[in-house]
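The values are calculated or read from the model by the stated rules, or taken from the named source; none is laboratory data. Note that this is a predicted model, so its numbers are computed, not measured. Using ideal geometry, Cβ is built from the backbone for each residue, glycine included, and neighbour counts are taken over all protein chains shown. Heads up: the accessible areas ignore ligands, DNA and RNA and are worked out on the full protein's heavy atoms, side chains in. Shrake-Rupley method; radii C 1.70, N 1.55, O 1.52, S 1.80 Å.
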Amino acid sequence: MEAAFQGGKEEVLQAWYMDDSEEDQRLPHHREPKEFVSLGKLKELGIVSWCLNPDDYENDGDLKNIREARGYSYMDICDVCPEKLPNYEAKLKSFFEEHLHTDEEIRYCLEGSGYFDVRDKSDRWIRIAVKKGGMIVLPAGIYHRFTLDTNNYIKAMRLFVGEPVWTPFNRPHDDLPARKAYLETFVQNEPGGPAVEAR
């Protein structure tokens, strides 16, 4: 299923290594010179993605096929913006705390845009910009965080296998089985691959 619906993906998903600036989290935070990351490199970290048609998501056969193949039985839609999210600033700050989940995090951008930051195998931040039509799956156990960009708006579909569990485990939580499984599958499976420990 990961090989399907890949056309146009670069138009709705782009990734790059982040600088170390403490400026507004909603800025792009490119390094100088810019250092882009391929979608293939993201796949090596366990991140899968698709480009879908958000204007007809209710009737989209491609989305239906992905949900069936991956067991995404639960679905809801959330708007993240100052006007629609109670305690907006506090929520945005909590989303930006580095954390992991014990299940996949699946987001499909129906409108707007935002940034998902993930750690690479050497513990460096990669920023993934997701725009309208981009669907992204972060594997269980990967350290990550989310923020809006300067447009301050995203309408996202959240998908889940079974009943949703949104519990974030802020770093460090290297003792969790999901974290150990992630390291074994995506980080330590290469000869000499570094183990990413707690910071």
Count of region 66-80 residues which are among the aliphatic types (A, V, I, L, M) and open to solvent by 60 Å² or more (accessible area, probe 1.4 Å) | 3
Which one is most open to solvent (accessible area, probe 1.4 Å) among residues in region 41-60 that are farther than 22 Å from D120 by Cα and assigned to a loop (DSSP other than H, G, I, E, B)?
-> N53
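Take Y153 and tell me if it is in contact with a strand residue (DSSP E or B) (Cβ under 6 Å, 6 or more places away or on another chain) and among the hydroxyl-bearing types (S, T, Y).
Answer is yes for this residue.
For region 141-173, enumerate the residues that are of a type in the set (G, A, S) and closer than 28 Å to E23 by Cβ.
First, pick out the residues of region 141-173 that are of a type in the set (G, A, S): 141, 156, 162.
Correct list: A156 only.
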Given the conditions (1) farther than 23 Å from Y17 by Cβ; (2) open to solvent by less than 60 Å² (accessible area, probe 1.4 Å); (3) of a type outside the set (K, R); (4) assigned to a strand (DSSP E or B), and given that L63 satisfies all but one, which numbered condition is not satisfied?
-> (4)
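Go through region 149-180 and report how many residues are in contact (Cβ under 8 Å) with a residue 40 or more places away in the chain, among the acidic types (D, E) and open to solvent by 70 Å² or more (accessible area, probe 1.4 Å). Break it down stepwise before answering.
Just the residues of region 149-180 that are in contact (Cβ under 8 Å) with a residue 40 or more places away in the chain, to begin with: 149-150, 152-171, 173, 176-179.
Of the ones still in play, those that are also among the acidic types (D, E) are 149, 163.
When the remaining residues are screened for being open to solvent by 70 Å² or more (accessible area, probe 1.4 Å), the result is 163.
Count: 1.
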